[in-house]
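Before any comments, here is the structure.
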Amino acid sequence: MKLEDLNDYKLVWSEEFDGKSLEDTKFSLKEDTAPVKNQSGEITYDYCGCERVVTVKDGKLILNCFFDKERNCFVGPKPVETKNSMSFKYGYLEIRARMPFTHGAAPSMNAFAKGALCGEESDVYYSHMVIATPSEGQNITNNIIKEYENYDENHPFYEAAKKSVDTSYRAQFRDVTTADCFHSRYTEPVMDDFKTYGVFWTPNVIIFTVNGYVNTRMNLTQDFLRPSGVEGFKVPHYLQFENFLAVDTETLTKNEGLRVTEKDVETQCPMEIDYVRLYQKQDEGELNIN
């Protein structure tokens, strides 16, 4: 989907990252980020907001990771988000970014309903859009998710994926393929290259694109994975970008060959955001700015 196909849409909000620091932008750091620990209780990955990992330079937001030899752990940037500054409902969102596709890199661009400005918080679940994240090396994947905080073990909905050790928190993924809901895989070379990621969101559909080509389509006129329909995807969402480094998951712990090394991080390209632009159609959509 190309922008020229959206003639009725006008630019209503943008961030070009022309300042000198994060404070000059419309984004801020997510503060409630706990460090990642291994089974022995040792910190293996920690978050911070220092200039070494979060910088604004040459018109780009740069999110990087490094290995802290003194603390013997990896350090990465706290997620940056518009939770306190902007939320939106419907429109065409365009993000030009370069994402690290290297060993251990787990960057993501997301939109969340929980806590969004003017959001109508659902009693049953919160909605979550995975705008773009790498999968299986060179693939770009997208998804929409229902996140349940007050999970009832006896609740009759379909298979749920455990998201944390807290059994009250579950998520359900729209990971199905039908004539009106499909996933494809964007497989052009992505390392060290900027791509334009798009989200076309209307009351009836969410379409994720890469460089103008449709990658995933979600039909919002039909329910998926009970209960409560798709009402959660008809409320404002805020944006969040994260360059996470998967250094110690259960799989990595069992297989030394999969562990991320200091050399991996040294050769890892950072996650870079060139711009974020939101276009909306008159009389369709919502924009909330603080």
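In the range 54-72, the residue that is farthest from S21 (Cα to Cα) out of those that are without any contact (Cβ under 8 Å) to a residue 40 or more places away in the chain and among the hydrophobic types (A, V, I, L, M, F, W, C) is V54. At least 1 residues being modelled with pLDDT under 85 and at positive phi is the threshold, and among the strands (runs of 3 or more DSSP E) wholly inside the range 219-290 not one reaches it.
Scan the range 205-218 for residues that are in contact with a helix residue (DSSP H, G or I) (Cβ under 9 Å, 6 or more places away or on another chain) and either over 21 Å from F112 (Cβ atoms) or modelled with pLDDT under 90 (or both) and report the count. Total meeting the criteria: 2. Here L3 fulfils each of the conditions (1) at pLDDT 95 or above; (2) surrounded by 13 or more Cβ atoms within 10 Å (Cβ to Cβ); (3) not aromatic (F, W, Y) apart from (1).
Within the option set K60, K69, K78, being out of contact with any Leu (no Cβ under 6 Å at 6 or more places or on another chain), of a type in the set (D, E, K, R) and at pLDDT 95 or above holds for one residue only, K60. All of (1) more than 16 Å from G198 (Cα to Cα); (2) part of a strand (DSSP E or B) hold for K83 with one exception: (2). Scan the range 89-136 for residues that are in contact with an Asp or Glu (Cβ under 6 Å, 6 or more places away or on another chain) and among the charged types (D, E, K, R) and the total you get is 3.
In this structure, G41 does not satisfy being farther than 25 Å from N288 by Cα, in a strand (DSSP E or B) and of a type in the set (G, A, S). Looking across the range 16-49, just one residue is at positive phi and either under 21 Å from the mean Cα position of the chain (by Cα) or hydrophobic (A, V, I, L, M, F, W, C) (or both), and that is F17. Pairs are defined by a Cβ separation below 8 Å, a sequence spacing of at least 6 or placement on different chains, a first member in the range 29-42 that is without any contact (Cβ under 8 Å) to a residue 60 or more places away in the chain, and a second member that is basic (K, R); the pairs so defined are L29/K78; E31/K78; T33/K78. Residues in the range 2-38 that are in a strand (DSSP E or B) and under 21 Å from N288 (Cβ atoms): Y9, K10, L11, V12, W13, S14, E15, S28, L29.
The values are calculated or read from the model by the stated rules, or taken from the named source; none is laboratory data. For clarity, every value in this text was computed on a predicted model and none was experimentally measured. Note that we place each Cβ from the backbone using ideal geometry, even for glycine, and neighbour counts take in every protein chain shown.
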